[in-house]
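One structure is given below, encoded as structure tokens.
The values are calculated or read from the model by the stated rules, or taken from the named source; none is laboratory data. These numbers come from a predicted model, not from an experiment. Every residue, glycine as well, gets a Cβ built from its backbone with ideal geometry; the counts of neighbours run over all protein chains shown.
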Amino acid sequence: MEQLTSRAAHFDAQFARGTDPWRYHTSWYEARKRALTLAALPRALYRRAFEPGCASGELSAALAPRCGQLLCADFAPRAVEIARSRLASFAHVQVERRAMPADWPAARFDLIVVSEIAYYLGEAGCAEMATLAATALEADGTLLCCHWRHGGEAWMVDSTRVHDIFAHQALRASLHRVVHAEDADFLLDVWSADPLSVARRERAC
């Protein structure tokens with residue numbers, strides 16, 4: 001309960017500063033990271049995607065054209081309000097208020113994007129989310145994980161530890177790591193049920 005209260009206070013304070021507290025819309029760093037995230041996805045199109053921790057919906061807006069359906073979720077009421085406004089033009093995108101990992105949806109997805117959220121959940125919550133994500137994938141699914149490397153609040157989990165936890169659960173679910181990138185500022189990993197590279201998959205068709 002104390003950790004949940006800390007999380008709520010943290011996000012309330014962030015969104016009290018404005019509608020884009022992390023400068024997702026204006027920062028070149030964020031635009032670059034978003035482009036690399038999208039480029040790391042091994043498939044051009046996905047049927048049904050889930051993005052927990054969508055914040056103001058900037059990454060969601062970039063994902064939307066590549067998804068038949070996209071479910072976005074965030075813990076902060078203000079984030080949900082902003083994201084709904086940002087994504088209103090996409091009829092196939094749904095934004096819900098959900099606390100992770102307790103409110104993980106009872107559905108399966110062929111894309112799950114865990115970006116800048118898992119380190120807020122504590123080690124136990126991060127491990128639970130990693131398990132839920134790995135097991136909620138369709139047989140041809142993709143799991144992407146991306147996190148800032150330079151820390152934050154004292155109660156947050158280190159990003160390297162977050163990605164180690166996800167890698168462990170992905171291995172247990174027989175997923176293959178198809179992308180691993182260590183930028184100076186963030187870690188980016190992609191796991192897939194299909195071990196073939198993009199080029200090899202295209203040549204096999």
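Restricting the search to the range 89-110, which residues are surrounded by fewer than 20 Cβ atoms within 10 Å (Cβ to Cβ) and either among the acidic types (D, E) or farther than 17 Å from A49 by Cα (or both)? Of everything in the range 89-110, those that are surrounded by fewer than 20 Cβ atoms within 10 Å (Cβ to Cβ) and either among the acidic types (D, E) or farther than 17 Å from A49 by Cα (or both) turn out to be S89, E96, A99, A102, D103.
Consider the range 145-177 and keep the residues that are under 27 Å from R23 (Cα atoms) and among the hydroxyl-bearing types (S, T, Y). The one that is farthest from the chain's Cα centre (by Cα) is T160. Return the residues of the range 97-137 that are among the acidic types (D, E) and over 17 Å from L187 (Cα atoms); say none if nothing qualifies. Hits for the range 97-137 are D103, D110, E123, E128. When R200, R161 are screened for being in contact (Cβ under 8 Å) with a residue 24 or more places away in the chain, part of a helix (DSSP H, G or I) and at negative phi, only R161 passes. The set of residues in the range 1-34 that are within 17 Å of H147 (Cβ to Cβ), at pLDDT 80 or above, in a helix (DSSP H, G or I) and not charged (D, E, K, R) contains only Y29.
Got a sec? Which of E153, E128, E96 is among the acidic types (D, E) and modelled with pLDDT under 95? The unique qualifying residue is E153. Taken over the range 99-129, the criterion of being closer than 19 Å to G152 by Cα and not aliphatic (A, V, I, L, M) is satisfied by S115, E116, Y119, Y120, G122, E123, G125, C126.
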